[in-house]
Amino acid sequence: MSSIISVANLSKTYGSGFKALKNVNLDIKRGEIFALLGPNGAGKTTLISIICGIANPSEGRVLVGGEDIQTSYRKARSLIGLVPQELHTDAFESVWATVSFSRGLFGKPKNPAHIEKVLKDLSLWDKKDSKIITLSGGMKRRVMIAKALSHEPQILFLDEPTAGVDVELRKGMWEVVRTLQQSGVTIILTTHYIEEAEEMADRIGVINKGEIVLVEDKATLMQKLGKKRLTLHLQN
Ligand code: ATP
C-alpha cells in the first residue's frame with residue numbers, strides 16, 4: 001500500500017516552551033485504519049491539528065496525497081475530513097442542511113446524490129429533515145461524521161470518536177468506521193482505549209509525551225504482547 005500521509009521530523013513547541021511533539025515520523029497507508037493510541041496530553045490532538053493544517057509545526061513537514069499541507073493547504077485539506085472531539089453543529093438546523101452547508105464550505109458544487117449516500121451510509125437518511133437538537137448523542141456524532149464526509153475526502157480523522165460514550169454507542173461507531181473503510185476512505189482515529197485500537201485498526205501507533213514510541217501491524221503487536229488477542233474490557 002502506498003502512503004497517503006507522510007509526516008517527517010515533526011516537532012511542536014508551544015509558546016510556553018512546552019514541547020508537545022518531538023521529532024515525529026509517521027506514514028499512513030492508503031485505505032488502512034490507523035489507530036493512534038495515547039494517554040491524556042500525549043500529543044494526539046496536536047498531531048492531528050498539524051496534519052490537517054489547523055496548527056503549524058515548529059519543525060518538520062506533512063505531505064497529504066503528496067501535497068504539502070502548509071504550502072498547498074487548499075488542495076491537501078480538500079482530501080481530509082476531520083471529526084473533532086467536540087460536537088460543532090447548529091442545534092436548530094436540519095441534518096440535510098448541516099451536511100450540505102459543510103460541503104459548500106469546501107467550494108464543492110451541490111451534489112444531492114452524494115449527501116444522500118453519506119446519510120444512508122451513516123443510517124441518518126430517515127432523520128434528514130430533523131433538527132440536530134432532536135437527535136440522540138449517537139446520531140449527533142454520526143452527523144459530525146457526515147459533515148466531515150460531505151466534500152468527498154479520501155481521509156477521515158476521528159479524534160476520540162468514542163470518548164465518554166456507552167458500550168452500545170461505541171460498538172455502533174466501530175461498525176460505521178468499518179463501513180467507511182470498505183467505501184475506500186483511509187481512517188485515522190485517536191483513542192485512549194487499547195481495546196478500541198485492537199477492534200478497529202489495521203495498524204496501531206502509540207504516542208507518549210509527544211513521541212511516537214511504537215508503530216506496528218496489529219497482528220505483530222499482538223504477537224509481541226504474547227497474546228492471541230487483548231482482552232476486551234469495556235466499561236459501562
Ligand atoms: P487528550 O487525550 O487529553 O485530548 P492529547 O493526546 O490529544 O490529549 P494534546 O491535546 O495534543 O494531547 O496536548 C498535548 C500537550 O500539549 C498537553 O500537555 C497540552 O496541555 C499541551 N497543549 C495543547 N495545546 C496547547 C496550547 N495551545 N498551548 C500550550 N500547550 C498546549
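Please treat every number below as a calculation from the coordinates, not as lab data. Computed from a prediction, not measured in an experiment: that's the story for all the values here. Cβ placement follows ideal geometry from the backbone for every residue including glycine, while neighbour counts extend to all protein chains displayed.
The distance between label points at D202 and Y73 comes to 3.1 nm (points 7 Å beyond Cα on the Cα→Cβ vector). Kindly provide the Kirkwood hydrodynamic radius of the stretch 75-215 in Å, to one decimal, from all pairs of distinct alpha carbon atoms. Here the Kirkwood hydrodynamic radius works out to 15.6 Å. Protection proxy ranking, highest mean first, for peptides 171-183, 137-149: 137-149, 171-183, where packing is the per-residue count of other beta-carbon atoms within 10 Å, averaged.
Given R₀ = 25 Å, what would the calculated FRET efficiency be for S16 paired with S94, taking r from the Cβ atoms and rounding to 0.05? The partial results should precede the final answer.
Working: r = 42 Å, r/R0 = 1.69.
The calculated FRET efficiency here is 0.05.
Any idea what the relative contact order of the chain is, in percent, if you count C-alpha pairs under 8 Å spaced at least 6 apart?
Details: 435 pairs, mean separation 62.8, N = 236.
27 percent.
List the residue ranges in the chain for DSSP H helices whose C-alpha atoms run 20 angstrom or more along the long axis and whose Kyte-Doolittle average is -0.5 or above. Before the final figure, lay out the partial values.
Numbers: long enough: 167-182 (23 Å, -0.42).
Result, helices passing both filters: 167-182.
Scaled to the globular estimate 2.2 N^0.38 Å, the Cα spread of the chain, given as radius of gyration, is 1.01.
Using Cα-Cα distances under 8 Å and only pairs 6 or more residues apart, what relative contact order does the stretch 36-168 have, in percent? Don't skip to the end; give the middle numbers.
Numbers: 153 pairs, mean separation 40.6, N = 133.
The value is 31 percent.
Here the relative contact order of the stretch 145-189, from alpha carbon pairs under 8 Å that lie six or more residues apart, stands at 55 percent. Sorting the segments 154-162, 20-28, 100-108 by their residues' average number of neighbouring beta-carbon atoms within 10 angstrom, most packed first, yields 154-162, 20-28, 100-108.
Given 4 °C and 1.567 mPa s, how large is the Stokes-Einstein diffusion coefficient of the stretch 1-134 in µm²/s, with Rh as the Kirkwood radius over Cα pairs?
On the way: Rh = 17.0 Å.
D, rounded to a whole number, is 76 µm²/s.
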